[in-house]
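Structure record follows, encoded as structure tokens.
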């Protein structure tokens, strides 16, 4: 009897526990939470349209110094690496032979002038005697011919004197342009030859300085279509140095070569930059950013919100007005910092999911916990100006 009572009590306890557990399970299912997501509300912004091109710096001017007369180098009159002025004497060649040649040419000119003076006096005397038949017409004609020969000799002597003067001046080798001079390739005592192949030194004008940029011919056509109506030299250019820093001063686009390299299909663009502090040196690798327009109705979407389909198409998840998730295929353009420029597929004021994507799928109702008009970086999309670079 006692065992039977224990069995009944155990059965009653089991039924009680089962009855208590069923309502709790039902309550847990009814209280399941709606997924929470963070969104960015898209807003129109001003976007500077730019093109980024690789390039190298090159001299604004360059002059290779060579002798124009033969001789022994006597002096070097500059310090390697310094700035030199146009017309500054750089080298001196032994001038003694040229001074002697100049003096000889000067003496020959004086002799020629004396002979011409004598011939002129003779013509004047014969002309006075010609009327009285004291001299023949033939004598008078011979005197005139002698005078003409004497005048020609004077002209030849003057040219020889001028040539001697030029050669004497060439013994002072001068800088044809202002700029920074490099190292000297010769020393005192060297034998120099007129117009020799070896360069004595090179002068480079580095302020301003050129930056030669390369671009494909097809991209150049696209760029020209995007350029505004103003002249090319008003297109501003920003320079990015090899270490990633931005050059302090802006330059301007100068011209584009009309010739396309047939082996590479590339065209060269040239920009000019001020270089007051000589921070830019010839041969440096740089990247130039050309600004050629503004898009005042641009939309930017954070890159973290964009995913790619197996076909490479861009897509995002948005939250509609009913807090339902929708998948949206979009077309993106250039990268703008940590954002993509949206070309199509999205409109202003739409909510794009940037966090919680792993918890949702299209058609699911969600709760928006962070709705703002700020980008993933915290910048105000509606107020800031951005730059799109291709």
Residues in region 68-97 reached by a label modelled at residue 183 [backbone nitrogen below 15 Å; 7 Å Cα→Cβ]: 79-82
Spacing of the two label points (7 Å from each Cα toward its C-beta) at residue 327 and residue 52, in nm: 3.2 nm
Spin-label proximity, residue 111 to region 140-161 - amide N less than 16 Å from point 7 Å beyond Cα toward beta carbon: 150-161
Net length gained if the chain between residue 216 and residue 33 were fully extended (0.36 nm per residue, minus Cα distance): 60.3 nm
Segment residue 279-residue 194, extension gain: residue separation times 0.36 nm, minus the distance between their alpha carbons: 27.0 nm
Order of 174, 127 under a 10 Å beta carbon neighbour criterion, fewest first: 127, 174
Cα-projected label distance for residue 303 with residue 85, points at 7 Å along beta-carbon direction, nm: 5.4 nm
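Give me D for region 110-198 in µm² s⁻¹, whole number, from Stokes-Einstein with Rh from the Kirkwood sum over alpha-carbon pairs, 10 °C and 1.306 mPa s. Write down the numbers at each step before the final one.
Details: Rh = 17.6 Å.
It diffuses with D of about 90 µm²/s by this estimate.
From the mean inverse distance of alpha carbon pairs (Kirkwood) and the Cα radius of gyration, derive Rg over Rh for region 89-155. Display every interim value, and only then the final one.
Details: Rg = 19.1 Å, Rh = 14.2 Å.
Rg divided by Rh gives 1.35.
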Residue list for region 322-357, given a label point 7 angstrom along the Cα-to-Cβ vector of residue 364 and an amide N cut-off under 20 Å: 322-329, 351-357
Cα-Cα P(r), region 252-347, percent of pairs per 5 Å interval: 2, 9, 14, 14, 11, 11, 12, 11, 7, 5, 3, 2, 0
Modelled FRET efficiency - R0 35 Å, residue 163 with residue 127, Cβ distances, 0.05 increments: 0.50
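Computed from the coordinates by the stated procedures, all read-outs in this text should not be read as laboratory data. If you're wondering where the values come from, they're calculated on a predicted model, not measured in any experiment. Backbone-built Cβ (ideal geometry, glycine too); neighbour counts: all protein chains shown.
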